1. Can you list residue pairs whose Cβ atoms sit under 7 Å apart, with the first residue in the range 132-144 being free of Cβ contacts under 8 Å to residues at least 60 places away in the same chain and part of a loop (DSSP other than H, G, I, E, B) and the second being open to solvent by 10 Å² or more (accessible area, probe 1.4 Å) and not hydroxyl-bearing (Ser, Thr, Tyr)? Count only pairs 6 or more apart in sequence or on different chains.
2. Search the range 214-226 for residues that are surrounded by 15 or more Cβ atoms within 10 Å (Cβ to Cβ) and pair each with any residue that is of a type in the set (Phe, Trp, Tyr) when their beta-carbon atoms are under 8 Å apart and the residues are at least 6 apart or on different chains.
3. Filter the range 121-131 down to the residues that are open to solvent by 70 Å² or more (accessible area, probe 1.4 Å) and at pLDDT below 95 and list them by number.
4. Does the range 146-162 include one or more residues that are aromatic (Phe, Trp, Tyr), closer than 30 Å to Trp10 by Cα, at pLDDT 85 or above and open to solvent by less than 30 Å² (accessible area, probe 1.4 Å)?
5. Out of the residues in the range 179-203 that are in contact (Cβ under 8 Å) with a residue 60 or more places away in the chain and basic (Lys, Arg), which is most open to solvent (accessible area, probe 1.4 Å)?
6. Give me a count of the residues in the range 192-226 that are modelled with pLDDT under 90 and in a loop (DSSP other than H, G, I, E, B).
7. Every residue in the range 146-168 that is assigned to a helix (DSSP H, G or I) and closer than 18 Å to Arg95 by Cα, please.
8. Check the range 96-106 and report whether any residue there is of a type in the set (Gly, Ala, Ser) and surrounded by fewer than 19 Cβ atoms within 10 Å (Cβ to Cβ).
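The values are calculated or read from the model by the stated rules, or taken from the named source; none is laboratory data. Just so it is clear, the structure is predicted and the values come from calculations on it, not from any experiment. Here the Cβ is made from the backbone with ideal geometry for all residues, glycine too, and neighbour counts use every protein chain on show. To get the accessible areas, we keep the full protein, side chains included, count just its heavy atoms, and leave off ligands, DNA and RNA. Shrake-Rupley method; radii C 1.70, N 1.55, O 1.52, S 1.80 Å.
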Amino acid sequence: MTNGTQWRSWLDNDKWFSGLPGSLQDSLLTVMRQRRVTPGKRVFESGGPACGLYALLDGSIRFNDLKSQQQLRPQPTLLRPYWFGEVSLFDDLPRQHDAYAEDQIILLHIPQAPLEALLQAHPHHWRGFSQLLGRKLGLTVPYPDEVTLMPTDERVAFRLLMLTEGYGDMNRSVRVVSIHDVLSRRRLGLAPEVVDRVIAQFAERGLLRRDHDSICILDTDRLRKAALHRLTPLLA
């Protein structure tokens, strides 16, 4: 287990947090709270509202139902804190997974409302959260308002990649998304028939499979390359 002194030391040594501007660090520390969750208890639920940013300090998390075999724990080699949940700032969707404590866990939690208020008041701080998500996606993440500047095919590929890769090493089992989750007009700015056309093209190329109202991603690496454009270079 850990205490406030220890987790503050981890934050000071965390590559992402320590690289943020001092004013953003201070703002996050002001609203950050430590949370303990006992084994089997839910951190957040699928379909629930976006609930902010988390940092896993100790223990392991299971995604999806407790009876499901689709589960991946954070690997021992992952550095702590392990940040997750920032995708909710970008995807304009409720939570896509159930997240349970696999064992006794300790989290740092930054609620959604103060995060959104902070970004509205200081739009330049989007850069920090874009960098955090970009490490998981493997490419630079544009600000939400810049997504509509991307070419159509790249825009759809980026959306699919964000929906399937947004939790990085915490969850590699999610490769199926709902077509309805892809069709966010706010985030894509594309008509449904345009998105359908691009998805059909990706299916012909073997990047994905369309099954009625769901999409199964078959080749994440090629999807990542399809999402590349002048705004989103591949991260080294």
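1. Matching pairs, first to second residue: Tyr143/Trp126.
2. As it stands, the answer is Leu223/Phe202; Ala226/Phe202, since those pairs meet every condition given.
3. Those that are open to solvent by 70 Å² or more (accessible area, probe 1.4 Å) and at pLDDT below 95: Pro123, His124, Arg127, Gln131.
4. The first filter runs over the range 146-162 and keeps only residues aromatic (Phe, Trp, Tyr), leaving 158.
In the following step, the residues that additionally are closer than 30 Å to Trp10 by Cα were identified as none.
There is no residue in the range 146-162 that is aromatic (Phe, Trp, Tyr), closer than 30 Å to Trp10 by Cα, at pLDDT 85 or above and open to solvent by less than 30 Å² (accessible area, probe 1.4 Å).
5. Restricting attention to the range 179-203, the residues satisfying the condition of being in contact (Cβ under 8 Å) with a residue 60 or more places away in the chain are 181, 184, 186-187.
So of that shortlist, the ones also basic (Lys, Arg) come out as 186-187.
Numbers: Arg186: 160, Arg187: 26 Å².
Within the range 179-203, the match that is most open to solvent (accessible area, probe 1.4 Å) is Arg186.
6. 2
7. Filtering the range 146-168 down to residues assigned to a helix (DSSP H, G or I) leaves 146-149, 152-165, 168.
Within the range 146-168, Arg159, Leu160, Leu161, Met162, Leu163, Thr164, Glu165, Gly168 qualify.
8. Of the residues in the range 96-106, the ones of a type in the set (Gly, Ala, Ser) are 99, 101.
In the following step, the residues that additionally are surrounded by fewer than 19 Cβ atoms within 10 Å (Cβ to Cβ) were identified as none.
So far as the range 96-106 goes, no, none of its residues is of a type in the set (Gly, Ala, Ser) and surrounded by fewer than 19 Cβ atoms within 10 Å (Cβ to Cβ).
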